[in-house]
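These notes concern the structure reproduced below.
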Amino acid sequence: MSFAEEASTRGDHDKEFGLAEAAPGWSREQCHDPRIMAILGWMTPVELGFVSWFMREVYSGAGEAVELGCAFGRSTAATLLGMTANQKAAEKKLHVYDLMTFDWYLLQEYRKRPGCEDSGYELGDSFEDCFWVNVEPWRDRVHLCAGDIASCGWSGEPIEYLFVDIMKSWEATRGVIRGFFPFLIPGVSCVVHQDYKHPYSPQIILTMYRLRDYFEPLYTVTGGISSTVAFRCKQKLDRELVDAALSDGLCDLSSYSIGEIDSAFTYSMALVGDDPSEEQDLLKAARVVVYINLLADRPDFLRAASTIPSTHEFVRDRFRDFVEAGDQGAALPPVENGRHSRLFSRAKSRVRRLVRW
Ligand SMILES: C[S@@+](CC[C@H](N)C(=O)[O-])C[C@H]1O[C@@H](n2cnc3c(N)ncnc32)[C@H](O)[C@@H]1O
């Protein structure tokens, strides 16, 4: 039986999904440090407070601390604030990974900052200089690896803390899982998914569901609309196992049946059961995005969606358009085989239900 088949038949009927009970109590502190809040970034005070608290109070130094996706250094600074207050981390550096080049979105956000409209940066330029200015107080504790996560390597040291704000595509998701997950320490390591509840990163929900025997959910960070969920590694994911899971389509949406997708969202909704309703809505929107991706290949969708302030209404409107277009025989992608064809028609009826939620 393949990894995917085994994962989809296992354990869904009798499990009450929820957060692990034995996790250290999170203080729910918020980080409003002016040095950190002044850095361009998207993490909220409660999310910054969480990484800072975790590195100060929970990180034991048993493995390395790694941050995937730092942008201009807001999450980096909050992590280092906690790390430098923790004696057990005194010998450790934070290993930080990012492309470090302006894409259209980062450039647009950067140019919105007062005084940055005519900074001279263009698409594709490096923003590494901005990053170093922003993390200057902790510079000697940072080890930066600039490049695409799909090809960046890891030294092979055990990893205790893995912060992930980089799984923006299936390729990046594959790069993170293959490059870093085999070095997690069972029973110790924590993976902090900054985008778990984010509607435009449903690949995190799907892959973490298929890998659910290897991770237990620890915290769902709430307050001020947070999309962070943290997991503890509970079983070793060695390279052979990861490669088998990848060959079985772990990072390929077409390998997920509608049933598995539904189960993945049931699992994720159970984790956020006590979160504020806006944060639960993020996950509902993520589910809609998965259905859109199943129904049509629209590479412009994520880009367009990220500029719309109201995710919820936007997704709903977009769905209505989509279903109507589909009804008229337009906008459906080429049907590759019978399986896809069945998926499309089943997905469509579910979409109709979601639109009316
Ligand atoms: C949302 S930003 C990170 C924000 C940051 N954590 C903060 O607190 O402000 C996502 C980052 O992921 C990086 N990124 C996206 N895809 C990547 C890839 N394939 N390889 C390396 N970095 C990538 C981008 O360059 C960007 O800086």
request  = Quick one: Debye curve from the alpha-carbon atoms of segment 91-152 only, equal weights, vacuum; give me log10 I(q)/I(0) at q = 0.27 Å⁻¹ to two decimals.
outcome  = -1.17
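Kindly flag which residue pairs out of 88/234; 168/197; 112/197; 168/284; 112/284 have an alpha-carbon separation exceeding 24 Å in this structure.
Working: 88/234 22 Å; 168/197 13 Å; 112/197 26 Å; 168/284 18 Å; 112/284 30 Å.
Distance filter (> 24 Å) returns 112/197; 112/284.
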query = Could you give the radius of gyration (one decimal) and Dmax (whole number) of the Cα atoms in segment 186-246, in Å?
reply = 12.2, 40
request  = Distance between Cα centroids, segment 230-281 to segment 199-218: provide it in whole Å.
outcome  = 3 Å
note = Each label sits 7 Å from Cα toward the beta-carbon; between residue 145 and residue 133 the label points are separated, in nm, by 2.8 nm
ask   = Sequence-distant or interchain residues sharing an amide H contact under 5 Å with residue 101, placed H: which?
value = 127
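How much length is gained if the chain between residue 29 and residue 119 is pulled fully straight, taking 0.36 nm per residue apart and subtracting their Cα-Cα distance, in nm to one decimal?
Values: separation 90, 0.36 × 90 = 32.40 nm, distance 3.51 nm.
Difference between extended and current length: 28.9 nm.
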note = Rounded to two decimals, the Rg over Rh value of segment 151-235 from Cα coordinates and the Kirkwood Rh reads 0.94
message = Give me, ordered by chain and number, the residues 5 or more places off residue 218 or on other chains with an amide H under 5 Å from its own placed amide H.
response = 20, 230, 231, 232
Using θ = phi - 60° and Karplus 6.51 cos²θ - 1.76 cosθ + 1.60, couplings along segment 205-212 (whole Hz; Gly, Pro as x) = 4, 5, 6, 5, 5, 5, 9, 5
message = Quick check on the exposure proxy: order 239, 141, 212 from fewest to most C-beta atoms within 10 angstrom.
response = 239, 141, 212
task = Quick one: which residues, 5+ away or cross-chain, put their amide H under 5 Å from the amide H of residue 96? H built at 1.01 Å from N.
result = 67, 143, 144, 145
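No value in this document is a laboratory result; all are computed from the given coordinates. Since the structure is predicted, the reported quantities are computational estimates derived from the model, not experimental observations. Please note: Cβ atoms are built from the backbone with ideal geometry, for glycine as well, and neighbour counts cover all protein chains shown.
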